[in-house]
Amino acid sequence: MTMSSTPAVTSPWRHLPNLICVLRILLVAPIVVLLLHEAWLATLLLIGIAGFSDGLDGFLAKRFGWQSRLGSLLDPAADKLLLVALFVTLTWLGLVPLWLTALVVLRDVIISGGSLAYNALVEPLTAQPSRVSKLNTVLQLAFVLAVITLKAFGWPSALVVEVLGAGVFVTLMVSGFDYVITWTRRTRAVRQGA
């Protein structure tokens, strides 16, 4: 008796994490509009939905093996787009200092530009965010949420918002320099080994 091998059937659901990620990107525009109208509670609700979707697409991708190259690019892009949009809009409303938002955007531009250059000129990029970069992302989110909840509910205190802002600034600078140094060393190592 012979056994025929049939190719494994790929699940039609394998694109679900990417679809959820795209929907999260689409939430950015209504979040900005709500912020501009100072609809604080509705803004917090949509940010909560975006956060839930971020956890959900990551869980589905890992649990069912639905990870993809597209997903690995979309997910951090969605996170960055949301955070930058929040910072820029809150700055427009006079709630976040322009210099802090400028540094947030500048760091992301430097990291994105460096990643593209490394990928194009050195080798395919397989980067993972550093711990300080992950901490910076958490602090950025905590900071903007604190700014919005202060307007919505009168808490946390302005002091807490300032401390979170200082944490964003410090981890922003450290992670930015860390990326530049790490990828400069890696580029030298690859070129010396070539």
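The values are calculated or read from the model by the stated rules, or taken from the named source; none is laboratory data. It should be emphasised that the depicted structure is a prediction, and the values quoted were computed from it without experimental measurement. Neighbour counts run over all protein chains shown; Cβ positions are idealised from the backbone, glycine included.
Restricting attention to the range 159-172, which residues are over 13 Å from L139 (Cα atoms) and either in contact with a His (Cβ under 6 Å, 6 or more places away or on another chain) or surrounded by 11 or more Cβ atoms within 10 Å (Cβ to Cβ) (or both)? Can you show your working first?
Looking only at the range 159-172, we keep the residues that are over 13 Å from L139 (Cα atoms), and these are 159.
Result: no residue meets the conditions.
Which of the following residues is closer than 26 Å to E38 by Cα, over 18 Å from the mean Cα position of the chain (by Cα) and not assigned by TED's automatic domain parsing to the domain that holds A42: V163, V122, V180, V144? Can you show your working first?
Values: V122 fails: closer than 26 Å to E38 by Cα; V180 fails: closer than 26 Å to E38 by Cα; V144 fails: over 18 Å from the mean Cα position of the chain (by Cα).
Going through V163, V122, V180, V144 in turn, the sole match is V163.
List pairs: first in the range 82-99 and free of Cβ contacts under 8 Å to residues at least 24 places away in the same chain, second surrounded by fewer than 17 Cβ atoms within 10 Å (Cβ to Cβ), Cβ under 7 Å, 6+ apart or cross-chain?
T91/L98
Of the residues V105, V109, V84, V96, which is among the aliphatic types (A, V, I, L, M), surrounded by 17 or more Cβ atoms within 10 Å (Cβ to Cβ) and within 27 Å of D57 (Cβ to Cβ)?
Values: V105 fails: surrounded by 17 or more Cβ atoms within 10 Å (Cβ to Cβ); V109 fails: surrounded by 17 or more Cβ atoms within 10 Å (Cβ to Cβ); V96 fails: within 27 Å of D57 (Cβ to Cβ).
Going through V105, V109, V84, V96 in turn, the sole match is V84.
Anything in the range 81-123 that is small (G, A, S) and in a helix (DSSP H, G or I)? List them, or say none. Talk me through it step by step, then tell me what you get.
So the first thing to find is which residues in the range 81-123 are small (G, A, S), and the list is 85, 94, 102, 112-115, 117, 120.
Across the range 81-123, the qualifying residues are A85, A102, S112, G113, G114, S115, A117, A120.
Mind telling me which of the residues L139, L60 ends up being assigned by TED's automatic domain parsing to the domain that holds V180, part of a helix (DSSP H, G or I) and in contact (Cβ under 8 Å) with a residue 24 or more places away in the chain? Don't jump to the end; show me each part of the working.
Details: L60 fails: assigned by TED's automatic domain parsing to the domain that holds V180.
Testing whether each residue is assigned by TED's automatic domain parsing to the domain that holds V180, part of a helix (DSSP H, G or I) and in contact (Cβ under 8 Å) with a residue 24 or more places away in the chain leaves just L139.
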